[in-house]
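The values are calculated or read from the model by the stated rules, or taken from the named source; none is laboratory data. Quantities reported herein were computed from a predicted structural model and do not represent experimental measurements. Using ideal geometry, Cβ is built from the backbone for each residue, glycine included, and neighbour counts are taken over all protein chains shown. For accessibility, only protein heavy atoms count, side chains too; no ligands or nucleic acids. Shrake-Rupley method; radii C 1.70, N 1.55, O 1.52, S 1.80 Å.
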Amino acid sequence: MTKVVNHWIGGKAAEGASGTYGPVTDPATGEVTTKVAFASVEEVDAAVAAAKEAYLSWGQSSLATRTTVLFRFRALLDAHRDEIAELITAEHGKVHSDALGEVARGLEIVDLACGINVQLKGELSTQVASRVDVSSIRQPLGVVAGITPFNFPAMVPMWMFPIAIACGNTFVLKPSEKDPSASIRLAELLSEAGLPDGVFNVVHGDKVAVDRLLAHPDVKAVSFVGSTPIARYIHTTASANGKRVQALGGAKNHMLVLPDADLDAAADAAVSAAYGSAGERCMAISAVVAVGAIGDTLVEKIRERAEKIKIGPGDDPASEMGPLITKVHRDKVASYVAGAAAEGAEVVLDGTGYTVDGHENGHWIGISLLDKVPTTAKAYQDEIFGPVLCVLRTETYEEALDLINSSPFGNGTAIFTRDGGAARRFQLEVEAGMVGVNVPIPVPVGYHSFGGWKDSLFGDHHIYGNDGTHFYTRGKVVTTRWPDPADAPAGVDLGFPRNH
């Protein structure tokens with residue numbers, strides 16, 4: 001019997017009423033194992049209404065009340081991390097260790113939310129004038145929404161809702177319809193932790209659900225992670241409807257390798273950053289820029305390591321890389337490799353014919369490595385979102401920097417060098433929001449914010465960290481003057497000596 005994933009509205013499962021369902025596939029077998037309910041406009045409205053009702057009390061609740069719930073949620077999340085990882089593997093396909101790492105990174109943001117009282121502290125200036133004080137406070141927005149991608153079905157929602165609800169907001173999540181089960185399990189754990197009904201809601205669906213969230217007058221802010229075209233659409237549409245928006249888009253992350261770098265360390269980093277989680281992550285390294293004469297040696301070291309990666313089902317402990325999320329996506333990724341030679345690239349490794357015995361219908365693709373890729377090639381220009389690594393060659397640091405800064409994307413980047421001065425120049429001169437120095441995937445820890453530049457981010461706020469707190473609250477400044485108690489009206493004795 002096919003499993004059905006329904007919505008979560010007002011603190012309980014809500015059976016889909018639209019009659020429309022989407023298929024959820026096991027990427028390792030190609031079989032449809034689950035169907036997910038797609039929300040109608042009315043069902044989205046019901047979720048927003050539940051969140052709006054819950055905000056009346058949750059928005060006025062104490063910080064202690066909110067953080068107590070989050071501490072209990074953190075304990076439950078930690079206890080059930082293997083279970084959540086199994087749900088991710090079953091629907092996304094990533095290997096169990098990658099899925100566990102995803103949950104662990106989500107836990108970091110829950111940790112941050114548990115200590116949100118530090119970020120929510122206001123400021124006070126006394127005696128700015130005679131008996132006048134000025135204070136600033138931060139208050140929640142109300143109902144906020146999150147629209148999240150398939151590649152991290154647990155982590156990315158946890159980049160959003162823990163901080164949002166810790167700040168006093170209520171939340172409506174629209175997760176990816178490709179791997180929806182993790183979001184419902186998170187909702188169940190939040191309920192078990194004591195989160196009041198309606199504070200956290202989940203609606204599944206497609207553009208119908210998304211567009212209703214973007215237009216709904218009671219939704220005050222929208223957080224999004226996904227591709228650049230959709231991020232641009234989310235930002236434009238939600239902003240036009242008067243909402244605060246943070247929309248994180250796509251990437252083409254470059255790793256610059258200077259001639260003095262430890263090439264073994266650089267090759268190890270390139271392989272893990274390009275092929276980990278099958279390349280389906282916005283912080284993957286998809287372009288290595290080799291400077292000077294090191295290119296041939298570096299490519300050979302990458303090839304030697306890449307050929308050893310064990311590809312197989314995500315639930316096989318021996319697997320180091322799993323399948324891609326859908327057959328359509330697998331075929332699109334393969335097309336970049338198939339067309340690379342005609343565009344001037346040298347195909348060092350071609351993974352497009354890879355299959356796994358016993359799982360021939362899975363969405364398999366092997367490791368692909370393209371060398372001497374021209375910047376005009378589609379494999380370089382597009383965000384492939386798969387296990388394809390492009391290597392580009394330059395003669396100088398300046399040429400490499402110009403190449404990187406010419407990209408329309410500015411999510412993350414890295415430099416590998418032993419020279420501190422070169423690294424310092426790069427981190428100041430490169431046009432990207434996150435920079436690694438001998439670190440291939442510079443995803444910030446929870447108390448620093450995540451976000452890119454240029455076409456990788458639409459909106460003024462990065463996600464989580466201090467930016468997350470600011471995004472989910474708005475500031476208020478209070479100017480206060482009190483008369484001196486010695487000037488109390490005649491007949492009122494406050495125990496102060498009279499001034500006259």
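When region 283-298 is limited to residues that are more than 21 Å from the chain's Cα centre (by Cα) and open to solvent by less than 10 Å² (accessible area, probe 1.4 Å), the one that is nearest to residue 252 (Cα to Cα) turns out to be 288. The set of residues in region 57-82 being over 23 Å from residue 169 (Cβ atoms) and either hydroxyl-bearing (Ser, Thr, Tyr) or not in a helix (DSSP H, G or I) (or both) consists of 80 alone.
When residue 447 is tested against (1) modelled with pLDDT of 95 or more; (2) under 25 Å from residue 157 (Cβ atoms), exactly one condition is not met: (1).
Filter region 216-240 for residues that are open to solvent by 10 Å² or more (accessible area, probe 1.4 Å), touching a Lys or Arg at 6+ places or on another chain (Cβ under 8 Å) and farther than 18 Å from residue 41 by Cβ and give the result. Within region 216-240, 220 is the sole residue that qualifies. Of all residues assigned to region 155-175, at least one qualifies as being surrounded by 24 or more Cβ atoms within 10 Å (Cβ to Cβ), free of Cβ contacts under 8 Å to residues at least 40 places away in the same chain and part of a loop (DSSP other than H, G, I, E, B). Being among the β-branched types (Val, Ile, Thr) and open to solvent by 70 Å² or more (accessible area, probe 1.4 Å) holds for only one residue in 356, 333, 328, and it is 328.
Of all residues in region 83-121, which are in contact with a Leu (Cβ under 8 Å, 6 or more places away or on another chain), within 17 Å of residue 318 (Cα to Cα) and either in a helix (DSSP H, G or I) or without any contact (Cβ under 8 Å) to a residue 40 or more places away in the chain (or both)? The answer is 85, and nothing else.
Can you tell me which condition residue 133 does not meet? The list is (1) in a helix (DSSP H, G or I); (2) in contact with a strand residue (DSSP E or B) (Cβ under 8 Å, 6 or more places away or on another chain); (3) more than 25 Å from residue 364 (Cβ to Cβ), and all the others hold. Going through (1) in a helix (DSSP H, G or I); (2) in contact with a strand residue (DSSP E or B) (Cβ under 8 Å, 6 or more places away or on another chain); (3) more than 25 Å from residue 364 (Cβ to Cβ) one by one, residue 133 breaks only (1). For region 120-154, taking the residues that are within 22 Å of residue 36 (Cα to Cα) and small (Gly, Ala, Ser), the one that is surrounded by the most Cβ atoms within 10 Å (Cβ to Cβ) is identified as 145.
With respect to (1) over 17 Å from residue 14 (Cβ atoms); (2) crowded, with 23+ Cβ neighbours inside 10 Å; (3) in contact with a Gly (Cβ under 9 Å, 6 or more places away or on another chain), the lone exception for residue 198 is condition (1). Just one of the listed residues (78, 26) is closer than 21 Å to residue 191 by Cα, under 23 Å from the mean Cα position of the chain (by Cα), open to solvent by 20 Å² or more (accessible area, probe 1.4 Å) and among the charged types (D, E, K, R), and it is 78.
Quick grid of which residues meet (1) touching a helix residue (DSSP H, G or I) at 6+ places or on another chain (Cβ under 6 Å); (2) on the phi < 0 side of the Ramachandran plot; (3) open to solvent by less than 10 Å² (accessible area, probe 1.4 Å); (4) assigned to a strand (DSSP E or B):
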position	(1), (2), (3), (4)
214	yes, yes, yes, no
250	yes, yes, yes, no
275	no, yes, yes, no
281	no, yes, no, no
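When you scan region 251-265, do you find a residue that is at pLDDT 95 or above and out of contact with any strand residue (DSSP E or B) (no Cβ under 8 Å at 6 or more places or on another chain), even just one?
yes
Filter region 29-56 down to the residues that are under 24 Å from the mean Cα position of the chain (by Cα) and within 30 Å of residue 277 (Cα to Cα), then identify the one that is most open to solvent (accessible area, probe 1.4 Å). Top of the filtered list is 38. When residue 304 is tested against (1) open to solvent by less than 20 Å² (accessible area, probe 1.4 Å); (2) without any contact (Cβ under 8 Å) to a residue 40 or more places away in the chain; (3) not hydroxyl-bearing (Ser, Thr, Tyr), just one condition goes unmet, and that condition is (1).
Every condition in (1) part of a helix (DSSP H, G or I); (2) more than 30 Å from residue 417 (Cβ to Cβ); (3) out of contact with any Leu (no Cβ under 8 Å at 6 or more places or on another chain) is met by residue 234 except one, and the failing one is (3).
Checked against (1) open to solvent by 50 Å² or more (accessible area, probe 1.4 Å); (2) of a type in the set (Gly, Ala, Ser); (3) within 17 Å of the chain's Cα centre (by Cα), residue 475 meets all criteria but (3).
Give the residue, chosen from 318, 342, that is open to solvent by 20 Å² or more (accessible area, probe 1.4 Å), assigned to a loop (DSSP other than H, G, I, E, B) and at pLDDT 95 or above. None of the others qualify; the one that does is 318.
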